[in-house]
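To start, the structure under review is shown below, and the notes come after it.
The values are calculated or read from the model by the stated rules, or taken from the named source; none is laboratory data. Since the structure is predicted, the reported quantities are computational estimates derived from the model, not experimental observations. Neighbour counts are summed over all protein chains in view; Cβ atoms, including those assigned to glycine, are modelled from backbone coordinates with ideal geometry.
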Amino acid sequence: MTEPYTPPAVWTWKKATEGRFANINRPVAGALHEKELPVGKHPLQLYSLGTPNGVKVTIMLEELLALGHAGAEYDAWLIRINEGEQFGSGFVGINPNSKIPALVDRSGAQPVRVFESGAILMYLAEKFDAFLPKAGAARAECLSWLFWQMGSAPFLGGGFGHFYAYAPQKIEYAIDRYAMEAKRQMDVLDRRLADTAFVAGDDYTIADMAIWPWYGQLAKGVLYGAGEFLDVVSYKHVVRWADEVAARPAVKRGRMVNRTQGEPASQLRERHDASDFETKTQDKMG
């Protein structure tokens, strides 16, 4: 039996206890090494990785392109967070919080940096006047669900996901605590989607793009391999919605970008042109 832990008067960092993430977790911010970021030919430069937060933005960009917004063409550069690339001086310059994704809009006279995935979705929605209602109750509903995701997902990822899948030892109290919260959140969504086609209402919006990479993939048993543990099939309305969103061609493309896991044919580690997807499709058929 593990001895009870008594917190010291002043906490100190013990790097050796950090387990799998010891090389990237630390209690300080700022750049750790000098490294400039590459810049491609398109107006939008994305620096990211195919995690749920990164997938939000690549789905949004692919959806904008599917609508015919040529100005949404983008270069997606891979940031290998397990190798600490988010602590390079160039990346920290556009996101002082050293988290993916980060975006630079070079379409104007001066580059505009945007960080935090929810902020990027809002920025792009307003820039292209798409996937975000303009005013009134519909806009308020969409933004409420967007910020619900931003506030809730840390309990799912850093909470449940960490202690269930990544922690160096299984702690029953921690897993039970965050499993309860993850299921409560799924119930919130399930009750909502029992009444509406999409999260914010009848229309597909940035709220769906933000929520699906986390809760949609959880509902399909992809995230953390915890589908059976959390009994995700019982949330039938979330599963219905998750399937519908997953079937969208832009979502299929967005999931591939900056992906480094899974079948090689499902990975497009960097995206610099729409034809990059065609090459991957040919590889898969071959």
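Just a few scattered comments:
- Qualifying residue in segment 116-127 (condition: in contact (Cβ under 8 Å) with a residue 12 or more places away in the chain, out of contact with any helix residue (DSSP H, G or I) (no Cβ under 9 Å at 6 or more places or on another chain) and either under 22 Å from Phe198 (Cβ atoms) or assigned by TED's automatic domain parsing to the domain that holds Leu230 (or both)): yes
- Across segment 180-194, the qualifying residues are those that are over 18 Å from Asp243 (Cβ atoms) and acidic (Asp, Glu), and the one among them that is surrounded by the fewest Cβ atoms within 10 Å (Cβ to Cβ) is Asp187.
- Residues being surrounded by 17 or more Cβ atoms within 10 Å (Cβ to Cβ) and part of a loop (DSSP other than H, G, I, E, B) - total across segment 131-163: 3
- Inside segment 70-80, residues that are closer than 16 Å to His33 by Cβ and surrounded by fewer than 19 Cβ atoms within 10 Å (Cβ to Cβ) make up a count of 1.
- Failed item, numbered, when Glu85 is tested on (1) more than 21 Å from Leu121 (Cβ to Cβ); (2) under 22 Å from the mean Cα position of the chain (by Cα); (3) surrounded by fewer than 20 Cβ atoms within 10 Å (Cβ to Cβ): (3)
- Residue ID - surrounded by the fewest Cβ atoms within 10 Å (Cβ to Cβ), chosen from residues in segment 234-270 that are within 16 Å of the chain's Cα centre (by Cα) and among the β-branched types (Val, Ile, Thr): Thr260
- Residue match in segment 93-115 (condition: out of contact with any strand residue (DSSP E or B) (no Cβ under 9 Å at 6 or more places or on another chain), surrounded by fewer than 20 Cβ atoms within 10 Å (Cβ to Cβ) and on the phi > 0 side of the Ramachandran plot): no
- Near pairs, Cβ below 6 angstrom, 6+ apart or cross-chain, from segment 248-277 (among the polar types (S, T, N, Q)) to any residue that is part of a loop (DSSP other than H, G, I, E, B): Asn258/Leu49; Asn258/Gly50; Gln267/Arg259
- Scanning segment 140-161 for residues that are closer than 21 Å to Gly225 by Cβ and either among the aromatic types (Phe, Trp, Tyr) or touching a helix residue (DSSP H, G or I) at 6+ places or on another chain (Cβ under 8 Å) (or both) gives Ser152, Ala153, Phe155, Leu156, Gly157, Gly159, Phe160, Gly161.
- Scope segment 217-233; condition assigned to a helix (DSSP H, G or I), surrounded by fewer than 16 Cβ atoms within 10 Å (Cβ to Cβ) and on the phi < 0 side of the Ramachandran plot; matching residues: Val233
- For segment 164-175, the criterion of a residue being assigned to a helix (DSSP H, G or I) and out of contact with any helix residue (DSSP H, G or I) (no Cβ under 7 Å at 6 or more places or on another chain) is satisfied by at least one position.
- One residue from Ala153, Ala182 being assigned by TED's automatic domain parsing to the domain that holds Val239, among the small types (Gly, Ala, Ser) and touching a residue at least 60 places away in the same chain (Cβ under 8 Å): Ala153
- Residue match in segment 16-27 (condition: modelled with pLDDT of 95 or more, surrounded by fewer than 18 Cβ atoms within 10 Å (Cβ to Cβ) and over 22 Å from the mean Cα position of the chain (by Cα)): no
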